[in-house]
Amino acid sequence: MTSLKTGLVAVVLTLLALIPCQRTVAVGLGVEGGFFTDDTGANVILRGYNLQAKAPPFQVVRVAGDLDPLWQMGSNLLRFNFVWEAAEPLPGVYDDAYFDYYDRVINWAWERGMYVLIDFHNNAFSRFAAKGCGSGFPAWAVSPRAKLYEPAPNGSCVFSTSMMQAMLSQDNYTNWQDFMTDQFGVRERFFLLTDKLAEKYRDHPAVIGFDLNEPMAFKPILQYDSALTNAFFNLWQQRIAATAPRYITFWGDSPFQFIFINRPPHLDLPEQGNVALDAHFYEPGASGFGRPLFGTSANVNAMLATRAQYNIPVLVGEFGANLKGSQNHLFQYQMDQVLRFFDQHLMSSARWNYTPHWTPERKDNFHDEDFSCFDEARQVRESCAPRASVQRLTGRLIHNTIQHRDEARLFIPLLPQLSRLYRYAETQVDLAWEHDPAQGKTRIFAAQALLFPGENVTIDAQGEQLQCAYDDDQRYVECESPVAGVKRVIIRGEPAS
């Protein structure tokens, strides 16, 4: 059944490629309690992808159409990896071609209705650290107190092993400590680069803010130095806000926090300002063993508890599965469970990842990583089936339940193949909320051709003067009412007669 579902998705995406992309109406985002909000106060729920380029060539998007698969899947967020090594190969020497490229992609994303999070991406600091197996920072950023390596040949590193070795090393901590305390002026160069980008995009409606990916500030016994990272992020947030207070600064934390520890991290947040947490989650089997192994409840509930404890939005900025095994279809059951949880609690997320021009030989073009949700023909790969999603909510959530035909109702750890025995018979969105008319329209991605192929779609709008209907492209259901109060909409697919 999974292969049939994947085949149908491939056909539909091929047909959708013929539809011209149109930008949806959107404005800059802010933060209100545990949610991202637009200028009306409506909750904006982000659903998107990471666009990665960890190794040369760093300019992976060649034409605007490279972003079309994300648009077709209903993405409203691009977590766009910014590679410091590519942007500033020497201190104070910027590569204008890379900035022009970055600018083009941001504009192409906005034309397709996607917000952009500028993600200063790294793994274990740099390609010139971690025995040549890392990524991100330029060679000159490596501390003179740590060993400088030549980048390892692509494919020669096992990523999970390399990252663990890096986190256990004194050099790794030295690099992060010297960077974050500005021992050799590298932090100031990073801040100047941030200034440049913040000024450039201060009035661009797509760009919502900045994050620094997975600062692996581990002491050699895997003790995470949260005092060091919190001090850095507070300084960085002040610098960003000085240019444009509207930007959101996304705190980073230990990449293990929501994998093994599974409780809220220690965050020292400013009393004022737009801040959020960029949380990452990879079930160990999904990242390293080629098949899902464990449940995910402890992980996702810890993220939800973090949102409640600190009263800030939590973006699940990375999650996914390394599709390098022979049982990749089993990951779909796990991903469905995770995304249903995100739906139920209006948690924003960005799947890792999208690799434009992926090939079976090169994969993600970074050692043994093969996470891309799209293949060389831009068709959806296993574990990445399209989903409906509530993306704008005009009021307080009461409930949000989303299910898809043939989707597993539950994920069974250790024996994931049994998950397929308990599946949903129909695709349905059931949303109820306390409506605020001043916030305009609630918006639900429920593309008719993609999510209800060959079916008749019924829209049942309940509540005083609530009207719900598809937009002109038959991609989004929009609901509005001039009257406040409890509203409910049920979107359901029924077999065509």
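Values in this text are rule-based calculations from the coordinates and carry no lab data. Just so it is clear, the model here is predicted, and its values are computed rather than measured. We place every Cβ from the backbone using ideal geometry, glycine too, and count neighbours over all the protein chains shown.
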Per 0.36 nm of contour for each residue apart, how much would the distance between ASP268 and ALA244 grow if the chain were fully extended, relative to their Cα-Cα spacing? 6.5 nm
Gyration tensor on Cα atoms of the range 21-95, a ≥ b ≥ c root eigenvalues, a/c under 1.5 rounded, else prolate if a/b beats b/c, else oblate, says oblate
If N is the number of residues in the range 412-481, what value comes out of its Cα radius of gyration divided by 2.2 N^0.38 Å? 1.45
Quick one: work out the % antiparallel among DSSP beta bridges in the chain, nearest 5. 60
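Once you sort the root eigenvalues of the Cα gyration tensor of the range 323-422 as a ≥ b ≥ c, which label holds: rounded (a/c under 1.5), prolate (a/b larger than b/c) or oblate (the other case)? Please report the intermediate quantities before stating the final value.
On the way: a/c = 2.50, a/b = 1.43, b/c = 1.75.
In terms of gyration-tensor shape, oblate.
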Average silhouette area of the range 2-495, convex hull of alpha-carbon atoms, in square nanometres: 20.9
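Mind ranking 185-194, 28-37, 221-230, 68-77 by how tightly packed they are, going by the mean number of other C-beta atoms within 10 angstrom, highest first? Kindly include the intermediate steps, with their values, before the conclusion.
Details: 185-194: 17.0, 28-37: 19.2, 221-230: 15.3, 68-77: 24.1.
In descending order of packing, they fall as 68-77, 28-37, 185-194, 221-230.
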At a Förster radius of 41 Å, what calculated FRET efficiency corresponds to the Cβ-Cβ distance of GLU426 and ASP100, to the nearest 0.05? 0.30
Using 1/(1 + (r/R0)^6) with R0 = 35 angstrom and r between the beta carbons of ALA298 and HIS399, what's the FRET efficiency to the nearest 0.05? 0.95
Would you mind computing, in nm to one decimal, how far apart the modelled labels at GLN465 and ARG409 are, each placed 7 Å from Cα along Cα→Cβ? 4.0
Could you work out the helix-only [θ] at 222 nm for the chain, with each DSSP H run of four or more residues adding -39,500 (n - 2.57) and the total divided by the number of residues, to the nearest 500 deg cm²/dmol? -8000 deg cm²/dmol
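Quick one: of the DSSP bridges fully inside the range 89-227, what percent are antiparallel, nearest 5? Each step should come with its number before you reach the end.
Details: 4 of 10 bridges.
Given both bridge residues lie in the range 89-227, the antiparallel proportion sits at roughly 40 percent.
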By how many nm would the segment from ASP195 to ALA496 grow when fully extended, if each residue of separation counts as 0.36 nm and the alpha-carbon distance is taken off? 102.8 nm
Which aspartates and glutamates have a Cα less than 14 Å from the Cα of LYS131, not counting those fewer than 8 places away in the same chain? GLU150, ASP171
Taking 0.36 nm per intervening residue step and subtracting the Cα-Cα distance, what contour gain separates THR161 from LYS324 on full extension? 57.1 nm
Over 25 Å (Cα to Cα) among LYS147/LYS324; LYS147/LYS363; LYS54/LYS147 -> LYS147/LYS324; LYS147/LYS363
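In what sequence, highest mean first, do 168-177, 486-495 appear when ranked by Cβ atoms within 10 angstrom? Write out the running numbers ahead of the final one.
Working: 168-177: 20.4, 486-495: 17.9.
The packing order, highest mean first, is 168-177, 486-495.
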Which distance in Å, rounded to a whole number, links the C-alpha centroids of the range 187-256 and the range 307-368? 22
